[in-house]
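What follows draws every value from the coordinates through simple rules; no lab data is involved. Just so it is clear, the model here is predicted, and its values are computed rather than measured. Here the Cβ positions follow ideal geometry from the backbone for every residue, glycine too, while neighbour counts run over all protein chains shown.
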Amino acid sequence: MKERPLPEIFHNMPHPYLEYMDLVKNLEFDQEPDYELYCKLFEDYMLQKGWEPSFVEFDWAKKETDEMLDSLLISLEQTMDEL
């Protein structure tokens, strides 16, 4: 199967998509991804367009956070009972 060049795939997309995919595609196997840079690519683009980046907590992330807090609270209560 012939590999299509990224510019061909992302030609109708905003430029951060191409830049992001190029960076990710060129990562070495053991190389740590630069997540801050990846987020900044999209945040900068949004600001250039006059859009305000929103950091909405998604339902699945909120559920995990709630479960973690519940677990922490139970552990704390158990520790307090032991004292």
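Can you pull out the GluC sites (Glu not before Pro) in the chain that DSSP calls coil and that have at most 12 other Cβ atoms within 10 Å?
GLU3, GLU28, GLU57
Which residues in the range 11-36 have a backbone N closer than 15 Å to a point placed 7 Å from the Cα of TYR45 along the Cα-to-Cβ line?
11-25
Where does the charge balance sit around GLY50 when Lys and Arg score +1, Asp and Glu -1, over other residues with C-beta under 15 Å from its C-beta?
Result for the neighbourhood of GLY50: -2.
Going Cα to Cα from LYS40, which lysines come in below 17 Å? Please leave out same-chain ones fewer than 8 positions away.
LYS40 reaches LYS49.
Which chymotrypsin sites (Phe, Trp or Tyr not before Pro) in the chain pass both tests, a DSSP loop state and at most 12 other beta-carbon atoms within 10 Å?
Listed in order of number, the matching sites are PHE29, TRP51, PHE55, PHE58.
Count charges around ASP70 for me, please; just the other residues with Cβ under 12 Å from its Cβ, Lys/Arg as +1, Asp/Glu as -1.
Working: positive: LYS63; negative: GLU64, ASP66, GLU67, GLU77.
Overall, the nearby charge balance is -3.
For LYS63, go through the aspartates and glutamates and keep the ones whose alpha-carbon is under 16 Å away, minus same-chain ones fewer than eight residues off.
Answer for LYS63, where 16 Å is the Cα cut-off: none of the aspartates and glutamates qualify.
With angles folded into 0 to 90 degrees, how steeply does helix 35-48 sit against the dominant principal axis of the chain? Use alpha carbons for both and round to 10.
So the helix axis and the longest Cα principal axis differ by about 70 degrees.
Once the convex hull of the C-alpha atoms of the chain is built, how many Å³ does it hold per residue, rounded to a whole number?
199 Å³
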